[in-house]
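I have placed the structure first, in the form of structure tokens, so that the comments after it can refer back to it.
The values are calculated or read from the model by the stated rules, or taken from the named source; none is laboratory data. Owing to the predicted nature of the structure, the values given are computational and were not obtained by experimental measurement. For neighbour counting, all protein chains shown are included, and Cβ atoms are generated from backbone atoms with ideal geometry for every residue, glycine included.
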Amino acid sequence: MIKNRESFLKRYVVDDGRDFKLKRHDPADTRSIKKETAKELLAAGISKLAGLQERLYAQDRWGVLLVFQAMDAAGKDGAIKHVMSGINPQGCQVFSFKSPSPEDLDHDYLWRTSKSLPERGRIGIFNRSYYEEVLVVRVHPEFLTRQKLPSELVTKKIWKERYEDINAFERYLSRNGYVIRKFFLNVSRDEQRRRFLERLTLDEKNWKFSMADAKEREYWDDYMSAYDDMIRHTATEEAPWVVVPADNKAFARVVVGAAVISALESIGLAFPKVDAAKKRELDAARDVLESEKGAGRDTGRKAGHKKQESERREGARR
């Protein structure tokens, strides 16, 4: 278990983006933690998370939204799979957002994610999200033209306006009982290349490779600039970004797990306490169940006595 979780997370959590610079965050950072140690830390974190999630579900007051953004092959799927492996599936919802459908494009850009928000008591995970609107749409302006916006609204201020809208949306969610943590899995260009080559080499990973993913590498600098600008404008106290060094998958999962645990611990989760009336009801139910147990023993004894008496009489007749 990480002894001082908040101190450990301090270098990764960005809750005020005004001075943020992505170049200050090393994708290869591991804090000198070895792979086996990282696995042990993750296992301890998974156990801790399971208990917190059970309280979240029972309390049924807070909703938790975890947003994952990254370049391809950064490890989003693996982080979600491993970190959330110990929780009750009934209390977790995962949504992956790919290219918007014609129905999505007939609505505002927050529509398709808004309708997928988790219920109270549950953890909702967005694998990609509304942040695609200031990332891929910004890098590829042709996607913006498909959104059917009135031309007079598509100005040079559109990205600034979208940051403002997203901040307002997340502030609204926070004020309505949502805990929000946003994860940028920060993988280096060299490590992405290595993982792409692995997908091409290993038969069991061929299905993961897409030529479109490789082609996006041509826009690497544009994406890094977009991520830099996005975090700078949307990292807030109520919805911080966690910039996860993602070149080492085992360590990345430790950081994600620690941040999720920290978020859940921040809201004072506990099993609901029962009032006096409910306590009396529980006591009455206990009395009924315990009396059934006693009655069962009495019934068993009587049946045994009857059987012995029957056998005695049968023996006398013989």
- Filter region 105-158 down to the residues that are of a type in the set (Lys, Arg) and on the phi > 0 side of the Ramachandran plot, then identify the one that is nearest to the chain's Cα centre (by Cα). 128
- Query: Only one residue in 225, 210 is of a type in the set (Gly, Ala, Ser) and more than 30 Å from residue 84 (Cβ to Cβ). Which one?
  - Reply: 225
- Item | Cβ pairs under 8 Å, 6+ apart, first in region 29-57 and on the phi > 0 side of the Ramachandran plot, second part of a helix (DSSP H, G or I) and surrounded by 14 or more Cβ atoms within 10 Å (Cβ to Cβ) | 31/8; 31/251
- Give the residue that is surrounded by the most Cβ atoms within 10 Å (Cβ to Cβ), with candidates limited to residues of region 130-166 that are part of a helix (DSSP H, G or I) and of a type in the set (Ser, Thr, Tyr). 131
- Scan region 231-270 for residues that are farther than 18 Å from residue 134 by Cβ, assigned to a helix (DSSP H, G or I), out of contact with any strand residue (DSSP E or B) (no Cβ under 8 Å at 6 or more places or on another chain) and not polar (S, T, N, Q) and report the count. 8
- Candidates 59, 69 - the one that is at pLDDT 95 or above and within 19 Å of residue 222 (Cα to Cα): 69
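Here is a check on your reading of the model: is residue 277 assigned to a helix (DSSP H, G or I), touching a residue at least 60 places away in the same chain (Cβ under 8 Å) and either over 16 Å from residue 174 (Cα atoms) or not assigned by TED's automatic domain parsing to the domain that holds residue 73 (or both)?
no
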- Task: Evaluate the following for residue 115: is it charged (D, E, K, R) and buried (at least 16 other Cβ atoms within 10 Å of the Cβ)?
- Result: no
- Taking interchain pairs and intrachain pairs at least six residues apart, which have beta carbon atoms under 7 angstrom, with the first residue in region 170-190 and assigned by TED's automatic domain parsing to the domain that holds residue 130 and the second at pLDDT 95 or above and surrounded by fewer than 15 Cβ atoms within 10 Å (Cβ to Cβ)? 177/61; 188/28; 189/220
- Item | Positions within region 167-211 being in contact with a Leu (Cβ under 9 Å, 6 or more places away or on another chain) and part of a helix (DSSP H, G or I), in sequence order | 169, 170, 173, 206
- Query: Which residues, taken from region 33-53, are in contact with a helix residue (DSSP H, G or I) (Cβ under 8 Å, 6 or more places away or on another chain) and more than 29 Å from residue 210 (Cβ to Cβ)?
  - Reply: 33, 39, 41, 45, 46, 48, 49, 52, 53
- Task: For region 70-79, indicate whether the set of residues that are loosely packed, with under 14 Cβ neighbours inside 10 Å and either free of Cβ contacts under 8 Å to residues at least 40 places away in the same chain or over 14 Å from the mean Cα position of the chain (by Cα) (or both) is non-empty.
- Result: no
- Task: Could you list, in sequence order, all residues of region 199-217 that are farther than 14 Å from residue 72 by Cβ and aliphatic (A, V, I, L, M)?
- Result: 202
- Query: Can you pull out the residues in region 88-119 that are assigned to a loop (DSSP other than H, G, I, E, B), without any contact (Cβ under 8 Å) to a residue 40 or more places away in the chain and under 28 Å from residue 55 (Cα atoms)?
  - Reply: 88, 115, 116
- Under the condition of being under 21 Å from the mean Cα position of the chain (by Cα) and among the basic types (Lys, Arg), which residue from region 15-63 is nearest to residue 170 (Cα to Cα)? 61
